[in-house]
1. What is the number of the single condition among (1) within 16 Å of the ligand (Cβ to nearest atom); (2) modelled with pLDDT of 95 or more; (3) surrounded by 23 or more Cβ atoms within 10 Å (Cβ to Cβ) that LEU53 does not meet?
2. Listed residues VAL71, VAL80; which is outside any helix (DSSP H, G or I), more than 21 Å from GLY186 (Cβ to Cβ) and open to solvent by less than 10 Å² (accessible area, probe 1.4 Å)?
3. Considering every residue within segment 134-147, establish whether at least one is under 20 Å from SER308 (Cβ atoms) and within 10 Å of the ligand (Cβ to nearest atom).
4. Among the residues of segment 293-311, write down those that are open to solvent by 40 Å² or more (accessible area, probe 1.4 Å) and either of a type in the set (A, V, I, L, M, F, W, C) or farther than 21 Å from PRO256 by Cβ (or both).
5. Please list, ordered by first then second residue, the pairs with beta carbon atoms under 8 Å, 6 or more apart or interchain, first in segment 305-317 and in the same structural domain as TRP69 (by TED's automatic domain parsing), second of a type in the set (Asp, Glu).
6. Filter segment 39-50 down to the residues that are touching a residue at least 24 places away in the same chain (Cβ under 8 Å), surrounded by fewer than 20 Cβ atoms within 10 Å (Cβ to Cβ) and assigned to a loop (DSSP other than H, G, I, E, B) and list them by number.
7. Tally up the residues in segment 195-220 that are out of contact with any helix residue (DSSP H, G or I) (no Cβ under 7 Å at 6 or more places or on another chain), touching a residue at least 60 places away in the same chain (Cβ under 8 Å) and not β-branched (Val, Ile, Thr), please.
8. When segment 415-447 is examined, which residues are found to be open to solvent by 40 Å² or more (accessible area, probe 1.4 Å), away from the ligand (no atom under 16 Å from the Cβ) and in a helix (DSSP H, G or I)?
Amino acid sequence: MSSPTPLLSRWRRIDSVATVLWWSLSAICQANATLQWLSPTAELADRLSPGALIYSPGSDGFTQATSRWSVYEAPNISLVVVPSVENDVAETVKYANQNNLPFIAVSGGHGAIITESRVQNGIEIWMNQLNTVEIDGYVARVDGGALTKTVSHALWQAGKQTVLASGDIKTIDRTCDLWWAMQGAGHNFGIVTSVSVKIYDIQYPDWAYEMFTFTGDKVEGLFDNLNVHLLRNGWPPVNIVNFAIFKRVPEIDVKPIIYLWIFQEGATSVDSAYSKPFHHLGPSATGVGSGTYLDVPRWLGWDSDAPSCQNSGLANTRFPIDIRSYNVQAVRKAYDLFTDVTQKIPELNGSRFLFEGYSLQGVKAVPGESTAYAFREDNLLVAPVISWTPSGPDIARKATDFGKRLRQIIYEGTGRSELHSYVNYAFGDETPQNWYGYERQRQQRLLGLKNNYDPDRKFSFYAPIA
Ligand SMILES: Cc1cc2nc3c(=O)[nH]c(=O)nc-3n(C[C@H](O)[C@H](O)[C@H](O)COP(=O)(O)OP(=O)(O)OC[C@H]3O[C@@H](n4cnc5c(N)ncnc54)[C@H](O)[C@@H]3O)c2cc1C
C-alpha cells in the first residue's frame, strides 16, 4: 500500500453524472476475454464507436462479462456494454440516464460487497477493452480497465514501478476538492477511464520469501512473534511484508493450519532476524524462494491462475477489520471459533481467515486529513473470507453469522469503540463511518462533494457515502 502522487486528473460532467478518470485498484487476477458482437441494442449501438461491444443475456460474452469472484448478492445485469474508447463510457452513462436505468462499471469483477445487489436490471459497463498501459518517460498512462497484473508486468518490463494516481479531461491538483475524495472514496464519484501515474526506476529487483506451516497450537507464539519482530510498534521494516492464513488442509492436520509468508524486498534470502523467531516455534513445514516482485502473487497462491482467484461460482464474503496490533487472546478465540464452525458446518470448510501486514512508512507519511482514506493509524488488515456453494438462504445466513462473529471477536480484542473496515474488502453491512472514518468533518466533506458531483446518487452501489 503506497500513497498516491497526483500528476494529472481530469473529469467530465455528463448531464448530472460525473465520469471521472482516475485510478483502477483492480485485483491480481485477469479475465481472458474473447469478445464478440451479439445482439446489439440499435439505439445505443449507434452512439458507440465501431470497436464497442454490446452483450445480451444468453450470449457467451454476457456470461463472461458478468462472471464474478463472488456470486453472493451480485448486481442484476440486463445488458453489458464493452467500451472501446473513453467516449463510449460517457455515451453509455447518458443512455442509461435517459432510460432511467442503473449502471455499474466492472473491471476485474472482484468486487464482493453486498451493496452492489442494489443494481437491478442494470447496464454493466465492462472496462475490459480499456486496458492499455502506455509508458512515456516517468509517466505511465493506465486505462481504467487495466488490471493489476497488466500494469505491474508492463512497468516491470520497462524497469519501472508505480505509485498510483490519476488522469483525465479536466486537470485537477491537490487543491481540487474532488482530488481529496478520489483518494479513498473514488468509486462514489465516477468511472475511471484512464489514469496518469508517476513512475520510478526499479531500485530493488530482487524479492525473497520464507513460508511456514504451523499447527493450531502455535497461534499464541506466532502472533506474539508477529507483534514483536515484524510489526515493531507500528513501524515494521520498510522492505518486509507478512501474510498469514487460517485454512483447513485435511492432509496436514484435522484442525485448521496456519500458513505464514514473510516477503523481503531487495534480498535473495529473507534476513534471519525476521525469520528465526518463527523457526524457533517449530513449524511443521517450511519453504524458501527468490525471484522478482512479479513472482510474489504466485508464491502466495494468489496469482491469476490460482484457484483462489477464479470465478468458480462460489459465494465469497469478507468481514474486514483494521487493527493496530494483534491481541493474541482474541486471535486464539477466533481460531477456536473458526475450527469449531468449519467442522460443524462442512459447507463452510473452504473458508479462510487472512492476516495481512504491509510496510507502512509510505502510508503514514501522508497526512491523514489530506485524503479521504481515513485509517492511516492502523497497522494490520484482518479479514475472514467465508466461502460456500450457494444453495439457499439458510447457508447464506449461517455464513454471514460466522463472518460477523469472527470479526466481532477481533473487534472486541482491540478495546476500541470504532470499527475500521477496509472498503475494498467490505461485506456491505458496515456504515459510512466504518468505511470512511468517524470524524464529523470528514463525513461532512464527503457528503458535500457527493451532493455536488453526484446529486442523483448514480454512483452508490459500492460502499455508498449516502
Ligand atoms: C483474490 C483477491 C485478491 C485481492 N487482493 C487485494 C489486494 O491485494 N489489495 C487490495 O487493496 N484489494 C484486494 N482485493 C480487493 C479488491 O481490490 C476489490 O475487491 C476491488 O474492488 C476489485 O476491483 P475489480 O475491478 O476487480 O472489481 P469490480 O467488481 O470490477 O469493481 C469493484 C467496484 O469498483 C467499481 N469500478 C470498477 N472499475 C471502475 C472504474 N474504472 N472506475 C470507477 N469505478 C470502477 C465497480 O463499479 C464496483 O463497484 C482482492 C480481491 C480478491 C478477490
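The values are calculated or read from the model by the stated rules, or taken from the named source; none is laboratory data. Because the structure is a prediction, the values reported are computed rather than measured. Glycine gets a Cβ as well: all are built from the backbone with ideal geometry, and neighbour counts include every protein chain shown. Only protein heavy atoms, including side chains, enter the accessible area calculation; ligands, DNA and RNA are left aside. Shrake-Rupley method; radii C 1.70, N 1.55, O 1.52, S 1.80 Å.
1. Looking at each condition in turn, LEU53 falls short on (1).
2. Exactly one of VAL71, VAL80 is outside any helix (DSSP H, G or I), more than 21 Å from GLY186 (Cβ to Cβ) and open to solvent by less than 10 Å² (accessible area, probe 1.4 Å), namely VAL80.
3. yes
4. TYR293, LEU294, ARG298, TRP302, ASP305, GLN310, ASN311
5. No pair meets every condition.
6. THR41, SER49, PRO50
7. Total meeting the criteria: 10.
8. Listed by number, the residues that qualify are GLN433, ARG440, GLN441, GLN444, ARG445, LEU447.
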